[in-house]
Amino acid sequence: MGWACVIDGATQPAGVVTGCQHGVAWLVQRLRTHVRRYLDAPDAGRRSLAELLAAAIVELRADHAGRCDLTNPDTPSATVALARGTDRGLEYLVLGDAVVLLPPTTSIPAPERSPEPARAITDDRVERLPGGRPYSRDLVRSHRNVTGGFWVASTAVQAAFAAQRGHVEPRPSGFALLTDGGARLATQYGYSWSQVWAMLEGQGPAHLLDLVRAAEQADPPTHGKRHDDATVVHVSTRDVVAAISPVTPPQASAASRPPRGTQRHPRC
C-alpha cells in the first residue's frame, strides 16, 4: 500500500521560551521516523491515518524523556500532510496549513460537462483567528491546539483527530502534497490549483519550486517570511517525485512509500 508524507516545522520567533531542549528540526525528524514506522507496520491498513498519527505523537512525547515542558503552548510543532492508497481509493489527512492536491476530474459522465478543477484540501483554521492578520504572539499562543483555534502536530495527541480527513473514491490518477511554502503560487501569487497541477504533471515539482522562489524574489509575500521551506511530493501512476527547497536551517521533511510497480525519484 503506497503512501506519502510531508512534515513542515513551524518557525519559532526569536526570544520565545518553548520549554523544549530539542528544537523544531529535531521534532520534524523524530515525527517523520515514527510516522514512517507506523505507516509501514503490518497492521497499518486496519488503522486510520489519524490513529497512526496519534500513535506517532505518543512516541514523540516519550522522546522528550521527561526533560521538556510538554504543556508549554510554544513547544515546537509542525504541520503534516499524509496520503495513502486504499483498496478503493485514496485516504488523506491534513493538519495545519499543508495541502493535499487532487487532480482535475478526468472521468466525465456527460460529454457536455467540463472537467472539474483540481481540488486543494487544506486546514485554513490558522487563517481565521480573531481579528485577522497580522497576529500577535499571544493570540497565536492562546489558539494553538485548542478547540476553536488551530491544530498542529506537537505534544497534543488529540490534534491528530482534529485534522482535516477524508477518503476519495475511485482512486485519483495522482495527487500532490505541499507545504505552505510550496503552495505559494496558488495561495499568494494568483495561480489556480489546476495550473499548479498542470505544472506538476508537465515540468515536475522542482520547476514549481523554482517559480515560487522567483516570485518571492520579485514580489515578497503579503504575510509570512519572504522565503520559507518549500516541499512538494508529486505522485502519479508512473512515479513519485519529491522536491525540497530549504532555507537555513531546513525544518521540513518528505517521505514516501510508492506502491509496487512505481519508481521513486526524489530531488531532496
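The values are calculated or read from the model by the stated rules, or taken from the named source; none is laboratory data. Note that the coordinates shown come from a computational prediction; the quantities given were computed from them, not determined experimentally. For neighbour counting, all protein chains shown are included, and Cβ atoms are generated from backbone atoms with ideal geometry for every residue, glycine included. We work out accessible area using only protein heavy atoms, side chains counted, and drop any ligands, DNA or RNA first. Shrake-Rupley method; radii C 1.70, N 1.55, O 1.52, S 1.80 Å.
Across the stretch 195-230, the number of residues qualifying as over 25 Å from Gly9 (Cβ atoms), part of a helix (DSSP H, G or I) and either touching a Pro at 6+ places or on another chain (Cβ under 7 Å) or not polar (S, T, N, Q) (or both) comes to 6. Residues in the stretch 138-158: is at least one closer than 23 Å to Leu211 by Cα, touching a residue at least 40 places away in the same chain (Cβ under 8 Å) and either open to solvent by 20 Å² or more (accessible area, probe 1.4 Å) or assigned to a loop (DSSP other than H, G, I, E, B) (or both)? For the stretch 138-158, residues closer than 23 Å to Leu211 by Cα, touching a residue at least 40 places away in the same chain (Cβ under 8 Å) and either open to solvent by 20 Å² or more (accessible area, probe 1.4 Å) or assigned to a loop (DSSP other than H, G, I, E, B) (or both): absent.
Among residues of the stretch 192-213 that are aliphatic (A, V, I, L, M), those with a Cβ under 6 angstrom from a residue that is surrounded by fewer than 16 Cβ atoms within 10 Å (Cβ to Cβ) and not in a helix (DSSP H, G or I), sequence gap 6+ or separate chain, pair up as Ala206/Arg267. Taking the listed residues Leu90, Leu60, Leu70, the one that is at pLDDT 95 or above and either open to solvent by less than 10 Å² (accessible area, probe 1.4 Å) or not β-branched (Val, Ile, Thr) (or both) is Leu60, with no other qualifying.
Screening the stretch 190-226 for residues that are open to solvent by 60 Å² or more (accessible area, probe 1.4 Å) and either on the phi > 0 side of the Ramachandran plot or β-branched (Val, Ile, Thr) (or both) and picking the one that is nearest to the chain's Cα centre (by Cα) gives Gly224. Taking the stretch 3-25 as the range and being surrounded by fewer than 18 Cβ atoms within 10 Å (Cβ to Cβ) and touching a strand residue (DSSP E or B) at 6+ places or on another chain (Cβ under 9 Å) as the test, the residues that pass are Gly23, Ala25. The number of residues in the stretch 177-189 that are more than 18 Å from the chain's Cα centre (by Cα) and open to solvent by less than 20 Å² (accessible area, probe 1.4 Å) comes to 0. Within the stretch 41-64, the set of residues being assigned to a loop (DSSP other than H, G, I, E, B) and within 19 Å of the chain's Cα centre (by Cα) comprises Ser48 only. When the stretch 1-58 is filtered for residues that are on the phi > 0 side of the Ramachandran plot and free of Cβ contacts under 8 Å to residues at least 40 places away in the same chain, only Gly15 remains.
As for the stretch 163-183, it holds no residue that is closer than 22 Å to Ala83 by Cβ and in a helix (DSSP H, G or I).
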